Amino acid sequence: MTTVCWFRRDLRLTDHPALLSALEAARAGGLPGERLRAGARTDEVVALYVLDPTLWRTAGSPRLAYLAASLRALDARTGGRLVVRLGDPAVVVPEVVRTVAATSVHVSAATEPFGRRRDAAVDAALRAAGSSARLVATGSPYAVAPGRLTTRGGTPFQVFTPYRTAWLEHGWHSPAPAPGDVPWADLSSEPIRDVAPTVALPPAGEEAALDRWAAFVSDGLADYATERDRPDHDGTSALSAALRWGEVHPRTLLADLAAAERTGHGGPGATTFRSQLAWRDFHADTLWHHPDARTRSLRDVVLDDAWASGPGADAAFDAWARGRTGYPFVDAGMRQLASTGWMHNRVRMVTASFLVKDLHLPWQRGAAHFLDRLVDADIAQNQLNWQWVAGTGRDAAPFFRIFHPVTQGRRFDPDGAYVRRWVPELRDVPGGAVHEPWLLGLQAPANYPERMVDHAVERTVALADAAAARAARATEAT
Ligand SMILES: Cc1cc2nc3c(=O)[nH]c(=O)nc-3n(C[C@H](O)[C@H](O)[C@H](O)COP(=O)(O)OP(=O)(O)OC[C@H]3O[C@@H](n4cnc5c(N)ncnc54)[C@H](O)[C@@H]3O)c2cc1C
């Protein structure tokens with residue numbers, strides 16, 4: 001029997017329950033209860049990737065270039081048997097099923113709005129084509145599948161900390177066993193499209209991800225709890241793109257964290273890292289329950305007319321995006337993003353806060369820019385982190401918590417090394433003074449922009465906007 005393993009956000013072979021399920025169904029001669037069909041090949045699994053033109057049109061080039069590299073790595077892992085097809089999955093998948101007389105199509109469940117709609121359309125298309133093959137979902141890209149956890153009252157969690165408690169209590173499966181030799185079907189494939197990377201990409205693929213993780217566990221994990229906030233140090237795992245494409249599953253990481261703790265090597269780093277993976281699941285859970293959180297604020301914090309608009313707002317957005325705000329920590333982050341397709345988490349928070357609370361632009365504008373530029377761009381993590389910073393999310397930082405672009409820089413980049421690395425105009429400014437070039441007087445580099453706004457003033461404006469919204473809501477309620 002031939003089955004299809006349709007890879008999407010799970011571009012790996014190890015710890016892959018859907019692949020095991022495809023293999024098992026192929027070996028068992030179909031899903032339990034199915035009859036063997038005449039003419040079907042035996043015991044083969046098609047490794048399918050469908051390049052959806054919708055994704056291809058809308059995703060930014062760093063993300064696509066990384067995807068192309070990751071697909072090449074997966075193709076190599078399958079001995080060149082990855083079958084890439086370009087087209088609408090609702091057309092391509094039934095076509096492949098028909099060609100090989102496949103009995104089932106195995107996937108890791110899609111949980112974000114686009115993927116859920118796509119899978120429903122594919123399942124409907126299989127039925128409409130009269131195929132008995134069904135889409136079989138096993139596992140998801142998360143440790144605990146979105147929607148699985150609820151409060152005692154059966155409602156979705158609103159707040160992260162109780163969610164994490166329930167997440168830890170619920171636990172997760174051990175990593176799935178290795179698939180062994182998979183009898184991959186030999187089908188013609190379209191070439192994996194070349195995407196010229198606009199940024200220097202990290203190595204892609206399962207092996208690179210596992211190597212990076214092993215190096216991090218041995219050299220970075222013990223200090224992660226303190227180092228993770230230092231953009232001037234290399235203190236995080238840099239695994240977000242690998243997790244985004246499923247080159248490694250969080251289950252694998254969680255098992256290794258537990259092993260590190262058992263041998264006394266995890267320290268507080270293991271606890272903190274686990275917590276970050278819980279944030280990842282929490283944001284996916286939020287999007288599961290609120291698909292419209294992709295574009296809509298989960299709560300309104302200022303009145304609609306408080307947001308900046310028009311040519312002035314466009315110019316402000318442009319200065320932010322180009323890293324020309326005159327606030328070195330913000331500019332360093334935006335330039336790191338432009339050069340590498342990645343930005344340190346601490347700086348993502350500060351740059352996002354600056355856009356929303358200093359420039360008074362809606363979070364959706366910044367989120368769209370990040371989605372376009374980030375190599376790890378992920379609809380749940382990006383949109384919900386933006387909502388967290390903007391104060392509009394489920395368990396969001398309150399709107400009045402406004403990141404100070406200078407204090408944050410002085411605290412997390414105390415010697416200014418991060419700023420000097422990304423803002424060459426400031427390379428000759430020594431130490432932490434680099435965070436406030438306007439205090440340098442005549443020594444201030446002439447080619448670095450003036451501060452485009454005064455943070456103290458804009459903070460007051462943001463707080464007044466939020467107060468006005470609260471007052472308007474109170475009036476409405478009376
Ligand atoms: C405004 C904003 C936008 C963001 N957009 C994205 C995005 O599109 N894609 C994305 O993967 N992450 C996003 N993040 C979360 C976080 O910044 C990145 O996951 C992290 O910087 C990736 O680097 P790392 O792998 O070295 O992280 P590490 O510190 O090594 O963390 C390990 C893993 O934990 C997860 N994680 C860490 N922090 C968070 C967090 N705050 N929320 C959710 N998961 C987290 C990630 O999967 C990460 O790879 C965003 C954060 C902010 C504030």
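The values are calculated or read from the model by the stated rules, or taken from the named source; none is laboratory data. On a predicted model such as this, the values are computed, not experimentally measured, just so you know. Here the Cβ positions follow ideal geometry from the backbone for every residue, glycine too, while neighbour counts run over all protein chains shown.
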*Name the one entry in L303, L253 that is among the aliphatic types (A, V, I, L, M) and surrounded by fewer than 16 Cβ atoms within 10 Å (Cβ to Cβ).*
L303
*Set G39, G87, G115, G33: member being over 23 Å from the mean Cα position of the chain (by Cα), farther than 25 Å from G180 by Cβ and at pLDDT 95 or above*: G87
_Just checking, does the range 211-228 include any residue being near the ligand (Cβ under 9 Å from one of its atoms), out of contact with any Cys (no Cβ under 8 Å at 6 or more places or on another chain) and under 18 Å from Q381 (Cβ atoms)?_
yes
*Residue match in the range 291-299 (condition: buried (at least 19 other Cβ atoms within 10 Å of the Cβ) and either farther than 26 Å from A377 by Cβ or hydroxyl-bearing (S, T, Y) (or both))*: yes
*Which of the residues spanning the range 97-121 are out of contact with any Asp or Glu (no Cβ under 7 Å at 6 or more places or on another chain), aliphatic (A, V, I, L, M) and surrounded by fewer than 23 Cβ atoms within 10 Å (Cβ to Cβ)?*
V100, A101, A109, A120, A121
*Considering every residue within the range 391-414, establish whether at least one is within 15 Å of the ligand (Cβ to nearest atom), more than 23 Å from A338 (Cβ to Cβ) and without any contact (Cβ under 8 Å) to a residue 12 or more places away in the chain.*
yes
*Can you name every residue in the range 441-451 that is modelled with pLDDT under 95 and surrounded by 14 or more Cβ atoms within 10 Å (Cβ to Cβ)?*
A444, P445
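Quick check on my filter: what residues within the range 452-478 are basic (K, R) and surrounded by 15 or more Cβ atoms within 10 Å (Cβ to Cβ)?
R459
Select the helices (runs of 4 or more DSSP H) contained entirely in the range 108-226, then report the ones holding at least 1 residues which are under 23 Å from G393 (Cβ atoms) and basic (K, R).
Where helices (runs of 4 or more DSSP H) fall fully within the range 108-226 and carry at least 1 residues being under 23 Å from G393 (Cβ atoms) and basic (K, R), they are 113-128, 160-170.
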*Odd one out for R421 among (1) over 21 Å from the mean Cα position of the chain (by Cα); (2) free of Cβ contacts under 8 Å to residues at least 12 places away in the same chain*: (2)
*Residues that are more than 14 Å from the ligand (Cβ to nearest atom): find the helices (runs of 4 or more DSSP H) completely inside the range 243-362 holding 2 or more of those.*
250-262, 267-289, 311-322, 328-340
*Would you call S218 of a type in the set (S, T, Y), under 25 Å from Y49 (Cα atoms) and surrounded by fewer than 17 Cβ atoms within 10 Å (Cβ to Cβ)?*
no
*asked:* Conditions first: (1) touching a residue at least 12 places away in the same chain (Cβ under 8 Å); (2) surrounded by 13 or more Cβ atoms within 10 Å (Cβ to Cβ). E190 passes all but one, so which condition is the exception?
replied: (2)
*Within the bounds of the range 448-456, is there any residue that is in a helix (DSSP H, G or I) and either under 30 Å from V301 (Cβ atoms) or not hydroxyl-bearing (S, T, Y) (or both)?*
yes
